[in-house]
1. Please compute the length gained on full extension between Arg569 and Lys275, using 0.36 nm multiplied by the number of residues separating them and subtracting their Cα-Cα distance.
2. Give me the distance in nm between label points sitting 7 Å out from Cα along the Cα-to-Cβ direction at Asp262 and Lys515, one decimal.
3. Assuming 0.36 nm per residue, please report the length gained on full extension of the stretch Leu301 to Gln288 beyond their Cα-Cα distance.
4. Okay, which of region 94-111 sit inside 20 Å, backbone N to the point 7 Å along the Cα-Cβ direction of Gln148?
5. Under the 0.36 nm per residue contour assumption, what length would be gained going from the current alpha-carbon distance of Lys441 and Gln327 to full extension?
6. Once both labels are modelled 7 Å past Cα along the beta-carbon direction, what's the Thr372-Glu396 spacing in nm?
7. Of Lys80/Lys243; Lys243/Lys265; Lys80/Lys275; Lys5/Lys206; Lys213/Lys285; Lys68/Lys317, which ones are farther than 23 Å apart at the Cα?
8. Hey, what's the chain come to in accessible area per residue, 1.4 Å probe, Å²?
Amino acid sequence: MVGLKEELLKSIWHAFTALDLDRSGKVLSHNLCTVLNVPHDPVALEEHFRDDDEGPVSNQGYMPYLNKFILEKVQGNFDKVEFNRMCWTLCAKKNLSKSPLLISDEDAFKVWVIFNFLSEDKYPLIIVPEEIEYLLKKITEAMGAGWQQEQFEHYKIALNTSREGLSAWELIDLIGSGQFSKGMDRQTVSMAINEVFNELILDVLKQGYMLKKGHKRKNWMERWFVLKPNIISYYVSEDLKDKKGDIILDGNCCVEALPDKDGKKCLFLIKCLDKTFEISASDKKKKQEWIQAIQSTVNLLRAGSPPPHKEARQRRKELRQKLLAEQEELERQMKELQAANENKQKELETVRKQLEAAAARAAEEEKKRLQTQVELQDRFSLELEREKMVRQKMEEQVAQKSSELEQYLQRVRELEEMYKQLQEALEDEKQARQDEETVRKLQARLLEEESAKRAELEKWHLQQQQTIQMTEAEKQELENQRMIKEQALQVAMQQLKQLELERKEALEQYEEVKKKLETAANNTKSWKDKVAHHEGLIRLIEPGSKNPHLITNWGPAAFTEAELEQRQRSWKGKKGTSE
């Protein structure tokens, strides 16, 4: 199905590029569904061509719709010629050359279909020179003319200098111009194109008139036989209008030659599983050609191989790909060799210049040597003394460098010791922070307990106020309960004082941790800003006031003692009024 889809896409591509999608996309989709025998999906079609920015036509393009709703549903039960003719009708008027051609529109259509079969699987579609040569050879052989290889080589050279190949319309112009069919009339060229079309497109491996013996009447009738990769169809005539039957071929079929009998010559037999067919050819050559063609077809069916022309096309394509890969590899190697050669040339030129410079220097040095030999002998003693002085200075410098190296190593050891001390200080600081965090959690816990005690005291105080509002008959009993609760209040106050003492102890612990933290910060001066920043983020929990806290309905220390007395007088006044 993948190969069929690729063949369909080539024809659809021609029709698609020739149309205005916004105006004629629906027409193309509808016609494709019709000729490919695909069920129409009006909802998907209207949704795809919805004219707004959110429609698939603007966001996803035409290909997703074509693949999903049309090509994926193709089963192969359609007329390929009718499909190609529909696509040809949509694109021929816009692209076909207006200049007069030596071939008819029907022949141009067949050349267009052959182009789609032989073109490369990339867009825009082109046919490469190798396939052009193959097609022109087939047409020339079908016309019975000789192939003009030299003429095509000139044309191929001119073509390769300007482009990679020809488009479908350029191929039609080439064949219609008669450049490679000079001396042939239009009918001969048309018959040759039709023969090539039948072989490459309709998979017609062989066709011709022969006599067939009937199964019922046993009479011999002339029929037009058409051999395809898996079937032999026979018709009344070569116009293919009145089909009389089919001979289904498979791997179990065989063909045998028969001796002449009953006045019939050139007989052969086609054996199938259910039927046997006796056929008489016009002569021995035709008989042998038909037997060989049918047997080759059966052998291909047994091997599961494609038709010869499709297999040959695949081999040519693989060969082109292989040659292209080899050419690219050769070009890569040539570039590498060229680069290596250029580098070698540069190296040789550099070496040559160095040799010339060395030779010049050697000659100049030799001349100077001869001139200064006497002077050198005189100055030899002086140079020796100078060399001794220089050696002594060098020794002194070496001793100085050794001393500097020792100092440097001592400095490195000091730095390492300082680094270790810094690490220890950082560890102390980390431990101090952990202690600080522990004390802070302890303070938080003490504050939570203090808050709970305060809430409990508030509750007891509220209960005391409620007991005061009771009737005089209950006062004595409530007074007793109040005394009990006051005792509990005293116990709670004592516990609160104990909690305050514990909080003060926690604060003292916090001060000690804080001192440790300051000590660690002094040991790590480079971290001083960061530690100060973190200490600024810590909200210290300070101890509360030493004065006894007032407990009210609104929370601890919500009002002053004077306000409390005023509220008590107001409450007593209201109570006296109510009584």
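1. Gain on stretching Arg569 to Lys275: 93.0 nm.
2. Once both label points are built, they end up 13.3 nm from each other.
3. Going from the current span to full extension adds 2.7 nm.
4. Zone members listed by number: 100-104.
5. Answer, rounded to one decimal: 33.1 nm.
6. Placing both labels 7 Å beyond Cα along the Cβ direction yields 2.8 nm.
7. Lys243/Lys265; Lys80/Lys275; Lys5/Lys206; Lys68/Lys317
8. Each residue of the chain exposes 66 Å² on average to a 1.4 Å probe.
The values are calculated or read from the model by the stated rules, or taken from the named source; none is laboratory data. Computed from a prediction, not measured in an experiment: that's the story for all the values here. We place every Cβ from the backbone using ideal geometry, glycine too, and count neighbours over all the protein chains shown. Please note that ligands, DNA and RNA were not included when accessible areas were found on the heavy atoms of the full protein model with its side chains. Shrake-Rupley method; radii C 1.70, N 1.55, O 1.52, S 1.80 Å.
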